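Let me give you the structure first, and then I'll get to my questions.
The values are calculated or read from the model by the stated rules, or taken from the named source; none is laboratory data. Given the structure is predicted, the values throughout are model-derived calculations rather than measurements. Cβ: placed from backbone, ideal geometry, glycine included. Neighbour counts: every protein chain shown. Surface accessibility is based on the protein's heavy atoms, side chains included, excluding ligands, DNA and RNA. Shrake-Rupley method; radii C 1.70, N 1.55, O 1.52, S 1.80 Å.
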Amino acid sequence: MKKKRMVKSWVLFSLTLGLALLLGLGSAGQAQAKYPDKPIELMVIFPAGGPTDTEIRILSKYAEKILGQSIAVINVPGAGGIVGWNTIDQRPKDGYFLTCINLPHILTFPMVQNTKFNYKSFEPLVLCSADPTVWAVRADSPFKTLQDVLDYAKKNPGKITVGTAGLYLAHHLAVLQVEKEKGLKFTTIPFKGSAKSMAALLGNKIMLLSDTLSDMLRLGDKVRVLAVAADKRVSLAPNLPTFKELGVKAYIPSSDRGVAAPAGVNPEALKVLVPAFQKAARLPEYQAEMKKAGYVLNVMTPEQAKQAFAERSQRLRDLLQSLGKLKK
Amino acid sequence: MDLFHTMLSVLPEIFSPTNLFVLGVGVLGGIIVGALPGLTPTMGVAILVPFTFGMSPEAGLILLGGVYCASVYAGAITAILFNIPGAPANIATLFDGHPMALQGKGKQAIYYATAASLIGGLVGMVALLLFSPPLAAISLEFGPAEIFWVAMFGVTIIASLSVGSMIKGLIGGAIGLILSTVGMDSVQGVERYVFGSQTLLGGIDIVAGLIGLFALSQVLVYFEQIFTLGTGTITQLQSEEGMLFRTLADTLRRVRALTIGSIVGTIIGIIPGAGGQVAALTAYNEARRWAPARERDTFGKGNPDGIISCEAANNAMAGGSLVPLFTLGIPGSPTAAVLLGGLMIHGLFPGHQLFTEHAKVTYTFMFAMILAQIVMFWMGVGITRYMARILSVPKYYLGPAITALCVIGAFATRNSMGDVYVMTILGVLMYLGMKFGFSAAAVVLGLILGDIAENGFLLGARIGTASGSVTKYFLTQPICLVVIALVALSIGFSLYLEYKERGASKAQVQAKVARALSEVFQRRAWWPLSQMTMLQWNLVLGVLIMAGSLALYQHTSSFVEEPRLFPMILIVTLMIMSAWMILQSLLAPSVRATKRVFEKWPGMKMLLVTCMTLAYVALAKYLGFYASTFLFTLSLPLYLHRERSAGFFFKTLAVALGFTGLMLVVFRQFLKVPTPVGVFF
């Protein structure tokens, strides 16, 4: 009997002790201080180790130093990014939660899927890279120029198989744009990620690949790039013709990446975050590292980014509307 | 000759003290990550990539390579000791590894796995070093159609793994395949079986599924054993003098299993997207098929060849999967994809320049990986002693601790509490399913292969349509033909085994049929549930599955064509299977069917334990993971172990505090793995 009571009191004592400990740890460091006074979370909506993840981790390494706070990259992948971005509205707007943004993903996904976000859900801090969309064939392909592809497609509707890294990404939209402008029909093969579509091209499983410039530069002389989607020739590969030069007038988006806060974020935090990320993205060390890792830099300010959102969104909406792809 | 010089010139670099130290740290870290259920090699490498930022390219790559090799190996340890594979690639290891452990030969089983890993790993690395270009050419031959057939080959393995209860194996596999279609389909962007859930929108995460189906269900089995067999350890370990060297020598003598494992592993490793899980299972299946008839029955009961073949295979796969990455810049496995990120951070474009401009760093990495195999071997042997000792921890401490690791593992891949719920639900259902003779391996295999098969089929069908004929595209290409032949061989072989199994026990079956039937229909022992035999349950389950698939059919018929095709085929298959199960239970009951499934089952206690587990998972979101873990690891052992003394209470308190503290240090401070954060921590 006595023993039992003793056990009981010990249980009570330990539980109280445990609770007190937990409370103590939980409430430690709640005092108000200047932003940022605790680590910042940065959500990446692709798996760890992918190109977006790598780029964001390199950028946050430099931004950390400027902010004087650590940035914890957390990966919330799923459904091409929709799962992560869908949470943006419920995230804290105190400046301690940031997310990566990818274009045209955040523009097109809300148009074709039931998402809980649109591009206005994001307050861009910086856009740091813009990878032009390119069309490429295997080095030994009979298609020597873009015109060869277009001519063949005209004569043989649906015969040309074109690989993309997924649906409604820049690579896919490029195919839709060319189809619409030239009145052609391709067979689109949406692979899960560009690793698989590149392998399919090299293995001669598909005839044409719509992908990013940086991926093609990595494949080197195994592929022949037919056209680059850019206003003027790109400095990384000045010998490659643009779609414009070759007579494709329609807008073909690039794959851009950047960092944003949720819309409605605390303005005080924004005053710290924007200059920090802008500065980080312009550091020569950062830019050198990015170039070494094969990224195509194109740093934009928040104003430029917002303008790009609105303009591109309108163009892509027109495209998807004319194709009847907009969600009901 | 020039190449050879470059190769040799990097050797002094590797043997520099710093790099050797980094390699040692990497291998040790890899073994720990690999041995923790839920922390897969992919995550291990991903966690470490940021750590390599500040290192020289050589050191960074050596660290990543060491972790990769060692973590693939270490998943075998938990598979053998606890019946919980550390990663999908280790699923096949538990078939023979855990039975050996239960016979007290756990240490020996780990030695077999370690030695086989070393040899398989070396074969894979040598293939990478010497034959990369031709192997890369082979890897490119695998397009959507070929990969579809490889996945089909994997599906036939489900059938052959469940010989004796083939129908339940196939139903489990079909359910796994259907689970893989949950989420947004990749061909048209259609939502399937999402029901408004954000977690399901992203699909069922393979790691969360693996942990739930294998680890959590196994933990529940341990809890049940505490009630039925008493508190105790999982198994006793026997140790003999000279066992290490005898086992190693024996491994080298098992040439057949080693060869099959190493070659199958290397080849499947280079196929983009198939990955290690398929490599190890295929190797296991082949090792069994090529074994002499008298030995074949010992597979699944602790045959060392079973361990050797799949451990050689998954480590050979590690080298194989780097072939497409290094020669073409295309990652052959999820881990290789993460490694690609690490390579790029160090300014190394995998691909055309890797063997020319960056040859020095490349060869450093390759030699370091070879060295990593050897370091891994000795560390593995050294650690086995301590790892095996975990078996002497009583189940009432071990079970809650493994549950906590399950939660971390399920959460960490996608930072999603939803994945933890999915893991928990699958775990509890699998625990019940195991009672009825379903196998976790079949469901997990379905979950892994479904995506590969469907994607391969739909993309292949599009390419086929463009080229003129879908059937011609799938049925006449040379590699397709080879894989189709393998599929046919595999189906034929499992049918033969199933038939043989039947034949052997036919007399017994007939003798029992009458009795079984009378159990069902004459004594009408349908209540209480504990009196129902497997035969009756089969009937009930058959009807339930039939009803479920009809409802699913109704739901699925509203999808558009492409995303509908694959689930429809599966649902119809499931209907046929359940009809077969109903008929079988009525017309051809087998000898096993007379077993009373829930006889002596501590139902109420298990219900309570399950509720405590569910509460733990639910609380993790509100209290925070570590606070919740502390409460769980304190309260559950107190309930499970019927001893009510102050001494036991304080011991448990110390264990709970120590374990939670250790988790805090390892996961939060050291590995920086994110965990659910609530009010506390």
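I'm trying to understand the selection: among the residues of region B:553-570, which are over 23 Å from B:Gly456 (Cβ atoms) and assigned to a helix (DSSP H, G or I)? Explain how you work it out, then say what you get.
Initial filter on region B:553-570 (over 23 Å from B:Gly456 (Cβ atoms)): B:553-555, B:557-558.
Selection gives B:Tyr553, B:Gln554, B:His555.
Report those helices (runs of 4 or more DSSP H) wholly inside region B:156-257 carrying at least 3 residues which are open to solvent by less than 20 Å² (accessible area, probe 1.4 Å).
Those helices (runs of 4 or more DSSP H) span B:166-180, B:206-210, B:217-229, B:243-253.
While we're here: Exactly one condition in (1) part of a helix (DSSP H, G or I); (2) within 11 Å of chain A (Cβ to nearest Cβ); (3) among the charged types (D, E, K, R) is not met by B:Lys651; state its number.
Status for B:Lys651: all satisfied but (2).
Is there a residue being within 28 Å of B:Thr233 (Cβ to Cβ), in the same structural domain as B:Ala312 (by TED's automatic domain parsing) and in contact (Cβ under 8 Å) with a residue 60 or more places away in the chain anywhere in region B:58-70?
Yes, region B:58-70 contains a residue that is within 28 Å of B:Thr233 (Cβ to Cβ), in the same structural domain as B:Ala312 (by TED's automatic domain parsing) and in contact (Cβ under 8 Å) with a residue 60 or more places away in the chain.
Going by the conditions given, is A:Lys93 in a loop (DSSP other than H, G, I, E, B) and surrounded by fewer than 21 Cβ atoms within 10 Å (Cβ to Cβ)? Spell out how you get there, then give the answer.
Details: in a loop (DSSP other than H, G, I, E, B): yes; surrounded by fewer than 21 Cβ atoms within 10 Å (Cβ to Cβ): yes.
Against the criterion (in a loop (DSSP other than H, G, I, E, B) and surrounded by fewer than 21 Cβ atoms within 10 Å (Cβ to Cβ)), A:Lys93 qualifies.
Of all the residues that make up region B:415-437, how many are surrounded by fewer than 24 Cβ atoms within 10 Å (Cβ to Cβ) and not in a helix (DSSP H, G or I)?
Adding up the residues that qualify gives 3.
Exactly one of (1) of a type outside the set (Phe, Trp, Tyr); (2) within 22 Å of the chain's Cα centre (by Cα); (3) surrounded by fewer than 22 Cβ atoms within 10 Å (Cβ to Cβ) is unmet by A:Lys244. Its number?
Of everything listed in (1) of a type outside the set (Phe, Trp, Tyr); (2) within 22 Å of the chain's Cα centre (by Cα); (3) surrounded by fewer than 22 Cβ atoms within 10 Å (Cβ to Cβ), A:Lys244 misses just condition (2).
Just one of the numbered conditions (1) free of Cβ contacts under 8 Å to residues at least 24 places away in the same chain; (2) surrounded by fewer than 14 Cβ atoms within 10 Å (Cβ to Cβ); (3) assigned to a helix (DSSP H, G or I) is not true of B:Arg644; which one?
Among (1) free of Cβ contacts under 8 Å to residues at least 24 places away in the same chain; (2) surrounded by fewer than 14 Cβ atoms within 10 Å (Cβ to Cβ); (3) assigned to a helix (DSSP H, G or I), the lone unmet condition for B:Arg644 is (3).
Across region A:210-222, which residue is least open to solvent (accessible area, probe 1.4 Å) among those that are in contact with a His (Cβ under 8 Å, 6 or more places away or on another chain) and of a type in the set (Gly, Ala, Ser)?
This residue is A:Ser210.
Sticking with this structure for a sec: Would you confirm, using the coordinates I've provided, whether B:Thr573 is in contact with a helix residue (DSSP H, G or I) (Cβ under 8 Å, 6 or more places away or on another chain), among the polar types (S, T, N, Q), under 30 Å from B:Ser186 (Cα atoms) and part of a helix (DSSP H, G or I)? Please lay out each step first, then the result.
Values: in contact with a helix residue (DSSP H, G or I) (Cβ under 8 Å, 6 or more places away or on another chain): yes; among the polar types (S, T, N, Q): yes; under 30 Å from B:Ser186 (Cα atoms): yes; part of a helix (DSSP H, G or I): yes.
Against the criterion (in contact with a helix residue (DSSP H, G or I) (Cβ under 8 Å, 6 or more places away or on another chain), among the polar types (S, T, N, Q), under 30 Å from B:Ser186 (Cα atoms) and part of a helix (DSSP H, G or I)), B:Thr573 qualifies.
Which of (1) more than 14 Å from every other protein chain (Cβ to nearest Cβ); (2) under 19 Å from A:Arg218 (Cβ atoms) does B:Pro331 not meet, given it meets every other one?
(1)
Pick from region B:474-499 the residues that are away from chain A (no Cβ under 13 Å) and polar (S, T, N, Q): which of them is farthest from B:Ser162 (Cα to Cα)?
Among them, the one singled out is B:Thr476.
Is it the case that region B:28-36 has a residue that's at pLDDT below 80 and assigned to a helix (DSSP H, G or I)?
The answer is no; no qualifying residue exists.
Next question, about the same structure. Considering region B:284-326 alone, what residues qualify as being among the aromatic types (Phe, Trp, Tyr), touching a Leu at 6+ places or on another chain (Cβ under 9 Å) and away from chain A (no Cβ under 14 Å)?
B:Tyr284
Name the single residue, out of those in region A:97-120 being under 24 Å from A:Val272 (Cα atoms) and surrounded by fewer than 21 Cβ atoms within 10 Å (Cβ to Cβ), that is farthest from the other protein chains (Cβ to nearest Cβ).
Within region A:97-120, the match that is farthest from the other protein chains (Cβ to nearest Cβ) is A:Lys120.
Quick check, is B:Lys672 touching a residue at least 60 places away in the same chain (Cβ under 8 Å), among the charged types (D, E, K, R) and outside any helix (DSSP H, G or I)?
The answer is yes for B:Lys672.
Determine, yes or no, whether A:Ala305 is surrounded by 21 or more Cβ atoms within 10 Å (Cβ to Cβ) and either assigned by TED's automatic domain parsing to the domain that holds A:Thr99 or not aliphatic (A, V, I, L, M) (or both). Walk me through how you get there before you give the answer.
Values: surrounded by 21 or more Cβ atoms within 10 Å (Cβ to Cβ): yes; either assigned by TED's automatic domain parsing to the domain that holds A:Thr99 or not aliphatic (A, V, I, L, M) (or both): yes.
Answer is yes for this residue.
Same structure, new question: Check region A:228-238 and report whether any residue there is open to solvent by less than 20 Å² (accessible area, probe 1.4 Å), touching a residue at least 12 places away in the same chain (Cβ under 8 Å) and touching a Ser or Thr at 6+ places or on another chain (Cβ under 6 Å).
Yes, because at least one residue in region A:228-238 is open to solvent by less than 20 Å² (accessible area, probe 1.4 Å), touching a residue at least 12 places away in the same chain (Cβ under 8 Å) and touching a Ser or Thr at 6+ places or on another chain (Cβ under 6 Å).
Quick one: which residue in B:Thr471, B:Thr465 is within 14 Å of chain A (Cβ to nearest Cβ), in a helix (DSSP H, G or I), at pLDDT 85 or above and open to solvent by 80 Å² or more (accessible area, probe 1.4 Å)? Lay out the reasoning, then the answer.
Working: B:Thr471 fails: within 14 Å of chain A (Cβ to nearest Cβ).
Step by step, each of B:Thr471, B:Thr465 is checked, and only B:Thr465 is within 14 Å of chain A (Cβ to nearest Cβ), in a helix (DSSP H, G or I), at pLDDT 85 or above and open to solvent by 80 Å² or more (accessible area, probe 1.4 Å).
From the list B:Pro99, B:Pro85, B:Pro134, which residue is part of a loop (DSSP other than H, G, I, E, B) and assigned by TED's automatic domain parsing to the domain that holds B:Ser333?
Residue meeting the stated conditions: B:Pro85.
Among the residues that make up region B:166-188, is at least one of them at negative phi, in contact with a Cys (Cβ under 9 Å, 6 or more places away or on another chain) and not polar (S, T, N, Q)?
Checking region B:166-188: not a single residue is at negative phi, in contact with a Cys (Cβ under 9 Å, 6 or more places away or on another chain) and not polar (S, T, N, Q).
Going by what's in this entry, would B:Met379 be described as more than 14 Å from chain A (Cβ to nearest Cβ), open to solvent by less than 10 Å² (accessible area, probe 1.4 Å) and at pLDDT 80 or above?
The answer is no for B:Met379.
Now for a different question. I need every pair where a residue in region A:275-286 that is under 15 Å from A:Cys100 (Cα atoms) has its Cβ under 8 Å from the Cβ of a residue that is part of a loop (DSSP other than H, G, I, E, B), sequence separation at least 6 or different chains.
Listed pairs, sorted by first residue: A:Gln278/A:Thr301.
Still on this model: Could you say whether any residue in region B:112-120 is without any contact (Cβ under 8 Å) to a residue 40 or more places away in the chain and open to solvent by less than 10 Å² (accessible area, probe 1.4 Å)?
Checked region B:112-120: no residue is without any contact (Cβ under 8 Å) to a residue 40 or more places away in the chain and open to solvent by less than 10 Å² (accessible area, probe 1.4 Å).
Suppose we filter B:Ile402, B:Ile408 for residues that are closer than 25 Å to B:Tyr111 by Cα and assigned to a helix (DSSP H, G or I); which single one remains?
Of the residues listed, the single one that is closer than 25 Å to B:Tyr111 by Cα and assigned to a helix (DSSP H, G or I) is B:Ile402.
Exactly one of these conditions fails for B:Lys605: (1) within 12 Å of another protein chain (Cβ to nearest Cβ); (2) part of a helix (DSSP H, G or I). Give me its number.
Against the list (1) within 12 Å of another protein chain (Cβ to nearest Cβ); (2) part of a helix (DSSP H, G or I), B:Lys605 comes up short only on (1).
Within region B:38-79, how many residues are at pLDDT 75 or above, outside any helix (DSSP H, G or I) and surrounded by fewer than 24 Cβ atoms within 10 Å (Cβ to Cβ)?
Final tally of qualifying residues: 2.
Let me ask you something else. Within 15 Å of the chain's Cα centre (by Cα), open to solvent by less than 20 Å² (accessible area, probe 1.4 Å), at pLDDT 90 or above and not small (Gly, Ala, Ser): does that describe A:Asp53?
no
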